[in-house]
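Asks: Sending over a structure as structure tokens; questions will come in a sec.
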Amino acid sequence: MNRIEGREKVTGLATYAAEYPVKGVVHAFAVQAGIAKGRVTDVDARAALARPGVLAVLSSGHPPELSQDAAPELALFQRPDVAYRGQIVAAVVAETLEQARAAARDVRVQYREDRHDVRLRADHPGLYRPEKVNPGLPTDTVKGDVEAGLAAAAATVDVTYTTPVLHNNPMEPHAALAVWFEDGGLTVFDSTQGVSADRDTIARTLGLAPEQVRVVARHVGGGFGAKGTTRPHAILAALCARAVGRPVKVSLTRQQLFDVTGYRTPTIQRLRIGADADGRLTALDHEVAVQSSTLVEFAEQAAAPARVMYATPALRTAHRLVRLDVATPSWMRAPGECPGMYALESAMDELAVAAGLDPVELRVRNEPEAEPDSGLPFSSRNLVACLREGACLFGWERRDPAPGVRREGRWLVGTGVAASTYPSRRLPSQATATAEDDDFVVRLAAADIGTGARTALTRIAADALDVPPERVRVELGDSDLPDAPLAGGSMGLASWGSAVVAACEDLRRDGKQGEADTTAAVKADARLARHAFGAQFAEVRVDEDTGEVRVSHLLGVFACGRIVDADLARSQFVGGMTMGLGMALMEQTVTDERFGGFVNRDLAQYHIPVCADVERIEAVWLDEHDERLNPMGSKGIGEIGIVGTAAAIGNAVYHATGRRVRDLPITPAKLLER
Ligand code: MOS
């Protein structure tokens, strides 16, 4: 089945947040803090207000009314304090975007500057143990005696990996268009991963009832987590529209995305693993240091996947957090699992070398009976099958384990493997299904952020109604539709699909009308360890003279329950793996230690893979049947593709060159370092 909105998208007819035709719309442009820490002492807007077309300047000089409940990153202009460089401290509203942008440069902001600290380091005195880590997981876990396990091991590794700040770069930059109505109602056309939650947050921030706010997002050009929470541009549009009595559009520039839409925290991860003479783990210790802002405690759960992966008598995981003068980190594709599995799966490769074992075999030998930390049975777990299938497809049995010995001209050639995992969760959702003439209309406030959710839900509804998909229309992307959770945490389809199936079944009983709310069903889900698994294989070539790394082949084998639509699923897996390639070799946002904020803030300097970097990426999956997940038997597939990819590539670089780079990205400079 082709993507339903494919034609609209390629012909430019699909409407994104900044493109809704609204009469009388004017534009706002943000003024951002030029210091990393301190307070605004004066905002002189006279020059800006004198420019053509300028309607208003907002700042903390005259705080606009906002709810006391506003989250700190959304409480625009409420206080003069500056928590990070790039924070929004003022905004100009003008008739055109160009006028607003030009006038924003003329807003004179004076500061009292304090000393700032923006550098995460393993010995930072401010590191502390948060109460919980995302999404509500225990901060630390301990089982057995790690020190004894390490002391008794025949082979051990004690290694530290670091990952940099990373930024989501969806093709559609964040934008919002806010329209107030005479009755006090507000409509926001926003680029968001979840219209219901966005509506609730906007309402709470502005002190409105949720019924007074409507959020519309029919098409979203990518999110990856950056649009999973309400970002300040949406509040800015609403405040500016209220101030000037006109609809206001805020379209963030690519550079502004780097400052105010979140980022993946940098990580420092120490791993200590021991194995006995047979390669069975005796201990695993994963300790992580991450950062957050002074505004909000955001604690990324990078050590969480170590609780899921391998059998060991001694297992310790720990998270430490430091609050710096930086923007608040946020979600970026597979938060937690992605950086955590990079470190764990790189360390497992180092352990395989230390133990003289094949890295596929090492993982197979440490396959657990039940989830290692919780002891819960897995709903299904096919990591070993993924590893075996991948090894077969990749020709792994022919691999010579010796590093740095294969050569094709100037290129050193190597292969690597890593495991992948991501939780398979679902959240409560509502949906309705209606028979209209000869067709069926399914309605819910889901979001299609480019994944093809609309198409997949159409297939799910058609299956449940036992009619051809041509007779089903799915309406989503509008908070006036039945409440639905966000497209995030790889939970979208599992959550929405459960409600759609239930609504369609209700319609079949009723004949005309069906509705569903899965709150009770989700609450009644049995306590099981629910995760998708996968195996990533990489082949790289490394130029001996320049240190250039080319990824000549990536193969991902996944076990994600039932795959609802093969084309859409392949696109998610390959997309995730491509992002993992970027993480391994290119992506890095450099924090400006002198001035705060980030140094590289555009796609000229934040490098992501382009087609020429992607030589051959293949994603395949096993036929996994798991009846205990949801009515579709599906596991989420949005995030698992990025998990493990960077480790597989790093392990292949080691195999090619004999050099272990433990600090991402693996750049030519690091490979050439003597
Ligand atoms: Mo994903 S980082 O939950 O959008």
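Asks: Just the number, please: Stokes-Einstein D of the stretch 226-277 in µm²/s, Kirkwood Rh from C-alpha pairs, 25 °C, 0.890 mPa s.
Replies: So the translational diffusion coefficient is about 169 µm²/s.
Asks: Does the stretch 418-549 classify as rounded, prolate or oblate by the C-alpha gyration tensor (a ≥ b ≥ c root eigenvalues; a/c under 1.5 gives rounded; else a/b over b/c gives prolate, otherwise oblate)? Let's see the in-between values first.
Replies: Working: a/c = 2.82, a/b = 2.01, b/c = 1.41.
Verdict is prolate for the stretch 418-549.
Asks: If packing is taken as the mean number of other Cβ atoms within 10 Å per residue, what is the order of 102-108, 198-204, highest first?
Replies: My ranking of the peptides, most packed first, is 198-204, 102-108.
Asks: Using Cα pairs closer than 8 Å and at least 6 residues apart in sequence, work out the relative contact order for the stretch 357-509, in percent.
Replies: 23
Asks: Taking only the alpha-carbon positions of the stretch 186-269 and ignoring solvent, what does the Debye formula give for the base-10 log of I(q)/I(0) at q = 0.14, 0.19 Å⁻¹?
Replies: Calculated log10 I(q)/I(0) at the listed q: -0.49, -0.85.
Asks: Can I ask one more? Inverting the mean 1/r over all pairs of different Cα atoms, compute the Kirkwood radius of the stretch 396-452 and quote it in Å.
Replies: Its Kirkwood hydrodynamic radius stands at 17.9 Å.
Asks: Given the protein chains as shown and a 1.4 Å probe, how many square angstrom of Ser571 are accessible, to the nearest 10?
Replies: That residue has around 50 Å² of solvent-accessible surface.
Asks: Need one value: the accessible area of Glu113 in square angstrom, 1.4 angstrom probe, rounded to the nearest 10.
Replies: 120
Asks: Taking the Cβ of Tyr310 as the center, what net charge do the other residues with Cβ under 15 Å away carry, scoring Lys and Arg +1 and Asp and Glu -1? Kindly include the intermediate steps, with their values, before the conclusion.
Replies: Working: positive: Lys143, Arg272, Arg280, Arg307, Arg316, Arg363, Arg365, Arg381; negative: Asp276, Asp278, Asp285, Glu337, Glu345, Asp349, Glu350, Glu361, Glu367, Glu369, Glu371, Asp373.
Summing Lys/Arg as +1 and Asp/Glu as -1 gives -4.
Asks: Viscosity 1.002 mPa s, temperature 20 °C: give me the Stokes-Einstein translational D for the stretch 438-490 in µm²/s, with Rh taken as the Kirkwood radius over C-alpha pairs. Provide the component values of the computation, followed by the final result.
Replies: Numbers: Rh = 11.4 Å.
It comes out at roughly 188 µm²/s.
Asks: Kirkwood-based Rg over Rh for the stretch 94-187 (C-alpha set), two decimals?
Replies: Numbers: Rg = 25.1 Å, Rh = 21.4 Å.
The Rg/Rh ratio comes out at 1.18.
Asks: List the equivalent ellipsoid semi-axes of the stretch 325-368 in whole Å, largest first, each obtained as the square root of 5λ for an eigenvalue λ of the Cα gyration tensor.
Replies: The equivalent ellipsoid of the stretch 325-368 has semi-axes of 31, 12, 6 Å.
Asks: Give me the log10 of I(q) over I(0) for the stretch 327-417 at q = 0.16 Å⁻¹, as the Debye formula computes it from C-alpha points; what are the numbers?
Replies: Debye output, listed in q order: -0.87.
Asks: Oh, and also: For the stretch 109-120, in order, what is each residue's ³J(HN,Hα) by Karplus, 6.51 cos²θ - 1.76 cosθ + 1.60 with θ = phi - 60°, in whole Hz (x at glycine and Pro)?
Replies: Those phi angles translate into 10, 9, 10, 9, 9, 9, 5, 10, 9, 10, 10, 6 Hz.
Asks: Moving on. Trypsin sites (Lys or Arg not before Pro), restricted to the stretch 529-619: which are DSSP loop and have at most 11 other Cβ atoms within 10 Å?
Replies: Arg594, Arg616
Asks: Report, largest value first, the span of the C-alpha coordinates of the stretch 1-156 along each principal axis, in whole Å.
Replies: Answer, in whole Å and largest first: 75, 59, 30 Å.
Asks: Oh, and also: With an 8 Å Cα cut-off and a minimum separation of 6 or more residues, compute the relative contact order for the chain in percent.
Replies: Normalised by residue count, the contact order of the chain is 16 percent.
Asks: Calculate the tail of P(r) for the stretch 85-140: the fraction of all Cα-Cα distances greater than 18 Å, expressed in %.
Replies: 64
Asks: Provide the percentage of antiparallel DSSP beta bridges, counting only those with both residues in the chain; round to the nearest 5. Mind showing how you got there, number by number?
Replies: Values: 92 of 119 bridges.
For the chain, the DSSP antiparallel bridge percentage is about 75.
Asks: Further, regarding this structure: In the P(r) worked out for the chain, what percent of Cα pairs fall beyond 36 Å?
Replies: Roughly 41 percent, once rounded to a whole number.
Asks: Can I ask one more? Per the Kirkwood formula on distinct C-alpha pairs, the Rh of the stretch 275-433 is how many angstrom?
Replies: 18.1
Asks: Sticking with this structure for a sec: Ignoring ligands, DNA and RNA, how do Ser191, Ser374, Ser67 rank by accessible area with a 1.4 Å probe, largest first?
Replies: Per-residue accessible area, sorted high to low, gives Ser374, Ser67, Ser191.
Asks: Here is a further query. Note the angle between two axes, namely the Cα long axis of helix 492-510 and the longest principal axis of the Cα atoms of the chain, as a number of degrees from 0 to 90, rounded to the nearest 10.
Replies: Orientation of helix 492-510: about 70 degrees from the principal axis.
Asks: Count charges around Thr15 for me, please; just the other residues with Cβ under 9 Å from its Cβ, Lys/Arg as +1, Asp/Glu as -1.
Replies: Around Thr15, the charge tally is -1.
Asks: What's the Cα-based Rg to Rh of the stretch 550-620, Rh via Kirkwood?
Replies: Numbers: Rg = 15.8 Å, Rh = 14.1 Å.
My calculation of the ratio gives 1.12.
Asks: Can you work out the Karplus-derived ³J(HN,Hα) for every residue in the stretch 222-228? Use 6.51 cos²θ - 1.76 cosθ + 1.60 with θ = phi - 60°, whole Hz, and x for glycine or proline.
Replies: Those phi angles translate into x, x, 6, x, 5, 10, x Hz.
Asks: Would you list the P(r) distribution for the stretch 234-340, with all Cα-Cα distances sorted into 10 Å bins from 0 and each bin expressed as a whole %?
Replies: It works out to 13, 31, 24, 16, 9, 5, 2, 0, in whole percents.
Asks: Quick one: accessible area per residue over the chain, 1.4 Å probe, rounded to a whole number of Å²? Intermediate results must be reported in sequence, preceding the final value.
Replies: On the way: 25910 Å² over 674 residues.
Per-residue value: 38 Å².
Asks: Something else now. Using the Cα gyration tensor of the stretch 484-582, with a ≥ b ≥ c the square roots of its eigenvalues, what is the shape: rounded (a/c below 1.5), prolate (a/b larger than b/c) or oblate (neither)?
Replies: Prolate, since a/c reaches 1.5 and a/b exceeds b/c.
Asks: Less than 13 Å Cβ to Cβ from Gly194, Lys/Arg counted +1 and Asp/Glu -1: what total charge do the surrounding residues give?
Replies: So the environment of Gly194 carries a net charge of -3.
Asks: Where does the Debye-calculated log10 I(q)/I(0) of the stretch 527-674 sit at q = 0.17, 0.22 Å⁻¹, using only Cα point scatterers of equal weight, no solvent?
Replies: -0.95, -1.28
Asks: Note down the accessible area of Arg112, probe 1.4 Å, to the nearest 10 Å².
Replies: 120
Asks: Quick one: the Cα spread of the stretch 358-483 along its three principal axes, in angstroms, biggest first?
Replies: Principal-axis extents of the Cα atoms in the stretch 358-483, largest first: 68, 45, 28 Å.
Asks: Take a quick pass over the chain and tell me how many lysine pairs come in under 24 angstrom between Cα atoms, counting only ones 8 or more apart or on separate chains.
Replies: 10
Asks: Roughly speaking, what % of Cα-Cα pairs in the stretch 463-533 are separated by over 16 Å, rounded to a whole number?
Replies: Of the Cα pairs, 58 percent sit more than 16 Å apart.
Asks: Another question about this same structure. Viscosity 1.306 mPa s, temperature 10 °C: what is the translational diffusion coefficient of the stretch 589-648 from Stokes-Einstein with a Kirkwood Rh over Cα pairs, rounded to a whole number of µm²/s? List each step's numbers first, then the result.
Replies: Numbers: Rh = 16.0 Å.
It comes out at roughly 99 µm²/s.
Asks: So, one more: At most 16 other Cβ atoms within 10 Å and a DSSP loop assignment: could you name the trypsin sites (Lys or Arg not before Pro) in the stretch 1-100 that fit?
Replies: Answer by residue number: Lys23.
Asks: Give me, ordered by chain and number, the residues 5 or more places off Gly38 or on other chains with an amide H under 5 Å from its own placed amide H.
Replies: It is Val82, Asp114, by chain and number.
Asks: Continuing with the same structure: Could you run the Karplus curve 6.51 cos²θ - 1.76 cosθ + 1.60 with θ = phi - 60° over the stretch 35-46 and give me ³J(HN,Hα) per residue in whole Hz, x for Gly and Pro?
Replies: Values per residue, Gly and Pro as x: 10, 8, 7, x, 8, 7, 9, 7, 10, 9, 9, 4 Hz.
Asks: How long are the semi-axes of the equivalent ellipsoid of the stretch 285-354, taking √(5λ) for every eigenvalue λ of the Cα gyration tensor, in whole Å from largest down?
Replies: In descending order the semi-axes read 26, 12, 10 Å.
Asks: Something else now. For the stretch 556-634, what relative contact order do you get, as a whole percent, if you take Cα pairs closer than 8 Å and at least 6 residues apart?
Replies: Computed value for the stretch 556-634: 51 percent relative contact order.
Asks: If you don't mind, there's one more thing I want to ask. Can you sort Thr96, Thr141 by 1.4 Å-probe accessible area, starting with the largest?
Replies: My answer, sorted largest first, is Thr96, Thr141.
Asks: Can you list which of the chymotrypsin sites (Phe, Trp or Tyr not before Pro) found in the stretch 22-105 are DSSP loop residues with at most 14 other C-beta atoms within 10 Å?
Replies: Those that pass, being in a loop and sparsely packed, number zero.
Asks: Please list, ordered by chain and number, the residues whose modelled amide H lies under 5 Å from the amide H of Ser379; skip anything fewer than 5 residues away on the same chain.
Replies: Ala529, Arg530, His531
The values are calculated or read from the model by the stated rules, or taken from the named source; none is laboratory data. Here the structure is a predicted model, which is why all the values come from computation and not from measurement. Here Cβ is always computed from backbone atoms with ideal geometry, including for glycine, and neighbour counts include all displayed protein chains. Heavy atoms of the whole protein, side chains included, go into the accessibility calculation; ligands, DNA and RNA do not. Shrake-Rupley method; radii C 1.70, N 1.55, O 1.52, S 1.80 Å.
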